[in-house]
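The values are calculated or read from the model by the stated rules, or taken from the named source; none is laboratory data. Predicted, not measured: the structure shown is a model, and the values here were computed from it. Counting neighbours? That spans all protein chains shown, and the Cβs are built from the backbone with ideal geometry, glycine included. Note: areas computed on protein heavy atoms with side chains; ligands, DNA, RNA excluded. Shrake-Rupley method; radii C 1.70, N 1.55, O 1.52, S 1.80 Å.
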Amino acid sequence: MARNLLWSWHRLENQLIVEEVPVYASKRTVQLCRIGLAIFGLLAFGSAKALVINTDFGEFSHGDIVDSIVTPAGNIGVTADNTGEGPDLAVVMDSSLDHSASSGDPDLEAPFGGPLIPGGAVAALPDANPGNILIIQESGASCDAVSCTSPDDEAGGGSLTFDFTAILVDGVTISYVDIIDIDEGSSPESVDITLAYSAAPDSTSTISGNVIGNARGARIDLATLFGGANTGVTSLKLTFSSSGATGGFQISVVPEPASLALLGIGLLVLGLGRRRFAALKGARK
């Protein structure tokens, strides 16, 4: 759309200045045409569809340490806070591998069963074999600066935070998050899902292991979970009481009004500058 809009701008402007309008024509007429083009640009870009980004860690390899996720709209910052005895590392684990021998944690081997109590915001994963998932690393013994040879999730719990402010300062819309392996029992594990907003206090909702379950996965619809308050989100924080993982999330991004205004102003200034240049050129002939 941007390319078509700029092409239309240059074509119309060339007709106004070179072909149809003499250099000594009314400045007001030409300027009004350019203002109209600028407004058209704002409206055209404002009606653009949102960019939907699915984050599933598929671009990483088993054992990679993740501190940033590259997307077409900008980078998502990733931080881990280990509340056990391990390092503050977010590490990719390939759930399709046999983890019984490597990490002694078969609970993170796919296929994953559906949640114990589906309904409302909680549904089964669309794919019981999600591939790469993200964990908080339990031990740094097998890790260097870029990867860990033996990924294993932290039994002592911790949090994973995904920061969206490099994409949009005013936040994104987040549709869902996939949660895996939150154990049930008389003292169930849990995961706290916290959304931070650009213009409102943080909001947290807790999902119990008695809802998801051991070696099971669930897709959590965040619009339902937070009563529609899933827009203007600047960060997503997942706090695990014990072990657990995420299979990813989906966000959508729309152009910022400020960016649209700057685009229109830029086009307007460019047009007025070219009109002035043409007038000066004609005066010298």
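Results for (1) in contact with a strand residue (DSSP E or B) (Cβ under 7 Å, 6 or more places away or on another chain); (2) part of a loop (DSSP other than H, G, I, E, B); (3) surrounded by fewer than 15 Cβ atoms within 10 Å (Cβ to Cβ), shown as yes or no for each residue.
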position: VAL92; (1), (2), (3): yes, no, no
position: LEU97; (1), (2), (3): no, yes, no
position: PRO111; (1), (2), (3): no, yes, yes
position: LEU116; (1), (2), (3): yes, yes, no
position: LEU125; (1), (2), (3): yes, yes, no
position: ILE133; (1), (2), (3): yes, no, no
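Applying a threshold of 6 Å to beta carbon distances and a minimum spacing of six or more residues, or different chains, the list of pairs starting in segment 71-86 at a residue that is more than 15 Å from SER241 (Cβ to Cβ) and ending at one that is among the β-branched types (Val, Ile, Thr) and at pLDDT below 95 reads ALA73/ILE167; ALA73/VAL253; GLY74/ILE167.
Residue check: PHE226 meets all listed conditions (1) surrounded by fewer than 21 Cβ atoms within 10 Å (Cβ to Cβ); (2) under 17 Å from GLY244 (Cβ atoms) but one, namely (2).
A residue that is modelled with pLDDT under 95 and either of a type in the set (D, E, K, R) or not in a helix (DSSP H, G or I) (or both) cannot be found anywhere in segment 36-44. Among the residues of segment 55-85, those identified as open to solvent by less than 20 Å² (accessible area, probe 1.4 Å) and assigned to a loop (DSSP other than H, G, I, E, B) are PHE57, GLY63, VAL66. Of the residues ASP94, ASP107, the single one that is modelled with pLDDT of 95 or more and among the acidic types (Asp, Glu) is ASP94.
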